[in-house]
């Protein structure tokens, strides 16, 4: 259900947030965002430090979710080459396995720090766009079929849940960056919930019509 109803609704809500900004004076944000994507594609994705930073975020989220859900974490290790692992006492659960693939932890921390720097508006917008781009490509780098976390969470559940969760997480982050406050996130999620309800009602209505023919 999340794939067939939640995902299209997420795409529409995100586009509703982005489309007005394409024609507004948001060029510093988009310049920073595009610049990071270009640097990542041309250079940074091949560097050890980039893999190291994204792996720290990934493994830290495993550990944080594990501790918050009272699962003892026995070891957290990140190597220079960008590999790493977290050892915890089983059993695990789906959020522990999948949270590093859609929660932008470093982005939230970095945005909080930028707010304390008092930068000029254009410089702040450009830096926020760059950080969003860096967080996005860092997450996308880690999503591939060889991830053992997907097998542990269950492939069917991962395919049904992760695309929508990823879009909602980054849609909420984008909304927060544009609105400048966390209060924009509930409004974004509420809009998504309304779109999901409309899609579900539309699907049920047409299913009933087809069944009664």
Mind checking the alpha-carbon convex hull of the range 100-143 and giving the volume per residue in Å³?
-> 50 Å³
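Using the Kirkwood radius over C-alpha pairs as Rh, can you work out the diffusion coefficient of the range 73-151 via Stokes-Einstein at 25 °C, viscosity 0.890 mPa s, in µm² per second? All intermediate terms of the calculation are to be shown ahead of the outcome.
Values: Rh = 14.9 Å.
Taking Rh from Cα pairs, D becomes 164 µm²/s.
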Could you compute the FRET efficiency for residue 69 and residue 159, with r as their C-beta to C-beta distance and R0 at 25 Å, rounded to 0.05?
-> 0.60
The Kirkwood hydrodynamic radius of the range 30-71, taken as the inverse of the mean 1/r over all distinct Cα pairs, in Å, comes to 12.1 Å
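Give me the Å³ per residue figure for the convex hull around the C-alpha atoms of the range 39-107. Please list the in-between numbers first.
Numbers: hull volume 5.5 nm³, N = 69.
So the per-residue hull volume is 80 Å³.
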So residue 143 and residue 81, fully extended at 0.36 nm per residue minus their Cα-Cα distance, gain in nm 20.6 nm
Could you line up 67, 176 from fewest to most neighbouring Cβ atoms inside 10 Å?
-> 67, 176
Plugging the Kirkwood radius over Cα pairs into Stokes-Einstein for the chain, at a temperature of 25 °C and a viscosity of 0.890 mPa s, what D comes out in µm²/s?
-> 129 µm²/s
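Hey, what did the chain get for relative contact order, percent, Cα under 8 Å, at least 6 apart?
Relative contact order comes out at 30 percent.
Would you compute, from DSSP H runs of 4+ residues alone, the mean residue ellipticity of the chain at 222 nm, taking -39500 (n - 2.57) per run and dividing by the full residue count, rounded to the nearest 500?
On the way: 9 runs with 150 residues, N = 213.
About -23500 deg cm²/dmol.
Gain in length, residue 123 to residue 52, computed as 0.36 nm per residue apart minus the alpha-carbon separation, to one decimal in nm?
Numbers: separation 71, 0.36 × 71 = 25.56 nm, distance 2.66 nm.
Full-extension gain reported as 22.9 nm.
Bear in mind that the values in this text are calculations on the coordinates, not laboratory data. Bear in mind that the values here come from a model prediction, so they are computed numbers and not experimental data. Note that each Cβ is placed from the backbone with ideal geometry, even for glycine, and that neighbours are counted across all protein chains shown.
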